[in-house]
Amino acid sequence: RSFTSQTDGEARVTRVLREKFPRASAIRVVDISGGCGAMYEIHIESEDFKDKRTVQQHQMVNQALSEEIKSMHGLRIFTSTPKP
């Protein structure tokens with residue numbers, strides 16, 4: 001599939017993350033289960049993560065996606081803060 005078109009699952013997860021992290025400067029969601037929506041890799045860069053430990057950042061993402069996670073088998077989360 002092309003890089004410009006997201007699967008429905010990728011679009012849904014991206015939408016939820018944009019809603020929960022409006023200050024995010026970058027959000028990338030990739031279905032790494034071949035398109036079936038079972039496993040995602042998420043990259044999110046946001047000021048919201050400033051001064052928080054990695055585990056806290058990941059908990060914020062898990063919390064934001066609590067409903068979506070119920071139908072997933074796995075989730076890889078990569079968080080960062082914008083570089084000054």
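Inter-label distance, N62 to S25: 2.7 nm, where each label sits 7 Å from its Cα along the C-beta direction. Here F21 sits with roughly 10 square angstrom of accessible surface, probe radius 1.4 Å.
Taking a straight line from the alpha carbon of K50, these lysines sit under 18 Å away, with near neighbours fewer than eight places off in the same chain left out: K20, K83. Across the chain, Cα pairs under 8 Å and at least six residues apart give a relative contact order of 30 percent. For region 23-40, putting each phi into the Karplus relation 6.51 cos²θ - 1.76 cosθ + 1.60 with θ = phi - 60° gives couplings of 8, 5, 8, 7, 9, 9, 10, 10, 7, 9, 9, x, x, 8, x, 8, 9, 10 Hz, in residue order, rounded to whole numbers and with x for Gly and Pro.
Using a simple spin-label model with pseudo-atoms 7 Å out from Cα toward Cβ, R18 and V55 lie 3.3 nm apart.
Relative to the longest principal axis of the Cα atoms of the chain, the long axis of helix 54-64 makes an angle of roughly 50 degrees.
The values are calculated or read from the model by the stated rules, or taken from the named source; none is laboratory data. Model, not experiment: these values are computed from the prediction. No Cβ is skipped: glycine too gets one built from the backbone with ideal geometry, and neighbour counts run over all protein chains shown. Areas reflect the complete protein model, heavy atoms only, side chains present, ligands, DNA and RNA absent. Shrake-Rupley method; radii C 1.70, N 1.55, O 1.52, S 1.80 Å.
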